[in-house]
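The values are calculated or read from the model by the stated rules, or taken from the named source; none is laboratory data. Since the structure is predicted, the reported quantities are computational estimates derived from the model, not experimental observations. Neighbour counts are summed over all protein chains in view; Cβ atoms, including those assigned to glycine, are modelled from backbone coordinates with ideal geometry. Just so you know, the surface numbers come from the protein's heavy atoms only, side chains and all, with ligands and any DNA or RNA stripped out. Shrake-Rupley method; radii C 1.70, N 1.55, O 1.52, S 1.80 Å.
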Amino acid sequence: RIDYGFQLYHTARFLTYGSVFNNYLYRYRTIGGSVSASYPISRFKRVESNLTVEHISRENLDISLEPISRKTLIVPSFSLVHDNTVFGYTAPVSGTRYNFTLFGSPKLGPEGIGFGSLLGDFRHYIKLGEDYSFVARLSGGASIGPNPQRFFIGGTENWINREYENYSIPISSIEEYAFSSPGLPLRGFNYDRMSGSKYSILNLELRFPLLRYLIFGALPLGFANIEGVTFIDAGSAWSDTKSLQFISRDTDGKVKTNDLLLGTGLGARANFLGFPVMFDIAWSYNLDKFSSPKYYISFGYDF
C-alpha cells in the first residue's frame with residue numbers, strides 16, 4: 001500500500017542581486033536527492049513523508065574574488081492530506097481538500113541553516129447548481145528558528161505579465177534561495193507586496209458559466225465552456241505578532257488597512273489548445289477607496 005519515490009537532481013539558476021544601478025549576477029547550483037513515501041489511510045486520506053538532502057553553492061559571476069558560499073541542508077517533512085473533490089472543467093466543483101505539512105532543517109554547524117515550519121491549506125467547494133459553485137480557501141504558515149522561512153504574498157500563480165513590488169523578489173542568501181515561499185493567490189497586488197515569517201490568506205470565489213462557445217471567424221480556433229469567477233482575497237504576512245495591526249486610522253481620522261491586504265475582482269477560465277488559461281482583473285481596497293485595476297494572465301488550473 002505504500003508508494004515510494006526517489007529523486008536525484010542537479011540544477012543551476014542565475015539571479016541578479018544589488019540595486020537598480022549596480023547589479024551582480026549570481027549562480028545558485030543545487031545538487032541533491034530525496035526519498036519519499038505515501039501511505040493511504042483511506043480512499044480520500046493519506047500521510048506522506050519526505051527526506052531531502054541537498055548541497056547549494058552561491059557564486060558571484062561578476063566578482064571572481066568573492067568567496068563561494070556553500071551549505072548542505074537536510075530537510076525532513078511530514079504531511080497529512082485529504083481530498084474527496086470532484087473536478088469540473090477547470091477546477092473542483094464539490095468536496096473538501098486539506099494539506100497540513102510540518103518540515104524543517106536542523107542547523108549543522110555555526111554556518112548552518114536551522115528552522116521549523118508548519119503549513120496549512122484548507123479548501124471547501126460547494127456545488128450550487130449545474131456549473132455553479134462556491135469555494136472558500138484558508139491557507140497560511142508559520143516558521144520559527146534561527147533562520148525562519150520568508151513567506152511573501154501578493155500576485156497569483158504562473159503570472160505571465162507579472163509585476164514586482166520592488167524590481168524583483170529579493171534573494172541575497174542561500175537560505176532565501178532555498179526556502180523563500182510564496183503565499184498565493186492574493187490578487188490586486190504585485191508579487192512580494194508583503195513578507196514575513198508568518199502569513200495567512202483567505203480566498204472566497206463564486207464560479208459560474210460565462211460562455212458555452214466562443215469561435216473566431218478568421219481562424220479555426222475557439223474556446224468552449226468558458227467559466228466566469230468573482231472573488232475576494234484577503235491576507236497578511238508578518239514577523240512580529242505583537243506589532244501586527246490589521247486596521248488603523250490615518251492623520252485625518254479615516255479607517256484604513258495597515259497590515260491587511262484586501263483585493264476583489266472578476267475573471268474568466270478556459271482551456272485553449274489543451275492549456276488551461278486564466279484571466280483576472282482585480283482591485284486592491286484599503287477600506288477608503290479602490291486602486292486602479294491590475295490585470296493577471298496566467299496558466300494552470302484554479303485552486
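Roughly what % of DSSP beta bridges within the stretch 87-199 run antiparallel, to the nearest 5?
Counting only bridges with both partners in the stretch 87-199, antiparallel ones make up about 90 percent.
Using a Förster distance of 25 angstrom, determine the FRET efficiency expected from the C-beta separation of residue 244 and residue 72, and round it to 0.05.
0.10
Relative contact order for the stretch 254-303 using alpha-carbon pairs under 8 Å, separation at least 6, rounded to a whole percent?
Taking the mean separation of contacting Cα pairs over the length of the stretch 254-303, I get 35 percent.
Can you give the FRET efficiency for residue 126 and residue 51, using 1/(1 + (r/R0)^6), R0 = 35 Å, r = Cβ-Cβ distance, to the nearest 0.05?
Rounded to the nearest 0.05, the efficiency is 0.40.
Roll a 1.4 angstrom probe over the protein heavy atoms and tell me the percent of accessible area of the chain that is carbon or sulfur.
60
Counting each DSSP H run of 4 or more residues in the chain as -39500 (n - 2.57), what helix-only mean residue ellipticity at 222 nm follows after dividing by all residues, to the nearest 500 deg cm²/dmol?
The helix contribution divided over the chain gives -500 deg cm²/dmol.
Mind checking the stretch 248-286 for trypsin sites (Lys or Arg not before Pro) that DSSP puts in a loop (not H, G, I, E or B) and that have at most 12 other Cβ atoms within 10 Å?
Counting only loop positions with at most 12 other Cβ atoms within 10 Å, the trypsin sites (Lys or Arg not before Pro) in the stretch 248-286 are 254.
Apply 1/(1 + (r/R0)^6) to the Cβ-Cβ distance of residue 2 and residue 138, taking R0 = 41 Å, and write down the FRET efficiency to the nearest 0.05.
With R0 = 41 Å, the Cβ-Cβ based efficiency is 0.85.
When only C-alpha pairs under 8 Å and at least 6 residues apart count, what is the relative contact order of the stretch 199-300, in percent?
Computed over the stretch 199-300, the figure is 22 percent.
Would any residue of the stretch 117-133 have its amide N under 19 Å from a label point 7 Å out along Cα→Cβ of residue 271? List them or say none.
Once the point is set 7 Å along Cα→Cβ of residue 271, 130-133 turn out to lie under 19 Å by backbone N, inside the stretch 117-133.
What nm value, rounded to one decimal, do you get for the distance between residue 202 and residue 39 when each label is placed 7 Å out toward the C-beta?
Each label point is offset 7 Å from its Cα along the Cβ direction, giving 3.6 nm.
If one computes the Cα centroid of the stretch 83-103 and of the stretch 119-162, what distance in Å separates the two points?
Rounded to whole Å, the Cα centres lie 12 Å apart.
Given an 8 Å cut-off on Cα distances and at least 6 residues of separation, report the relative contact order of the chain as a percent.
Dividing the mean separation by the residue count of the chain yields 12 percent.
What label, among (1) -0.44, -1.27, -1.38; (2) -0.73, -1.04, -1.08; (3) -0.47, -1.08, -1.20, belongs to log10 I(q)/I(0) by the Debye sum over Cα atoms at q = 0.08, 0.14, 0.15 Å⁻¹ computed from the structure on display?
Here log10 I(q)/I(0) by the Debye sum over Cα atoms at q = 0.08, 0.14, 0.15 Å⁻¹ agrees with entry (1).
Could you calculate the contour length gain from residue 23 to residue 254, that is, 0.36 nm times the residue separation minus the distance between their Cα atoms, to one decimal place in nm?
This chain segment gains 79.1 nm when fully extended.
What whole-number value in Å² describes the accessible area per residue of the chain for a 1.4 Å probe?
Spelled out: the 1.4 Å probe surface of the chain, per residue, equals 55 Å².
Can you tally the net charge around residue 283? Count Lys and Arg as +1, Asp and Glu as -1, for every other residue whose Cβ sits under 12 Å from the Cβ of residue 283.
Cβ neighbours under 12 Å give a net charge of +1.
How much length, in nm to one decimal, is gained on full extension between residue 173 and residue 299, taken as 0.36 nm per residue of separation minus their Cα-Cα distance?
Going from the current span to full extension adds 42.4 nm.
Lys pairs in the chain, Cα-Cα under 20 Å, at least 8 apart or on separate chains: how many?
Lysine pairs meeting the criterion: 5.
Between the DSSP loop rule and a limit of at most 12 other Cβ atoms within 10 Å, which chymotrypsin sites (Phe, Trp or Tyr not before Pro) in the stretch 1-48 are left?
When the chymotrypsin sites (Phe, Trp or Tyr not before Pro) of the stretch 1-48 are filtered for loop state and at most 12 Cβ neighbours within 10 Å, 21 remain.
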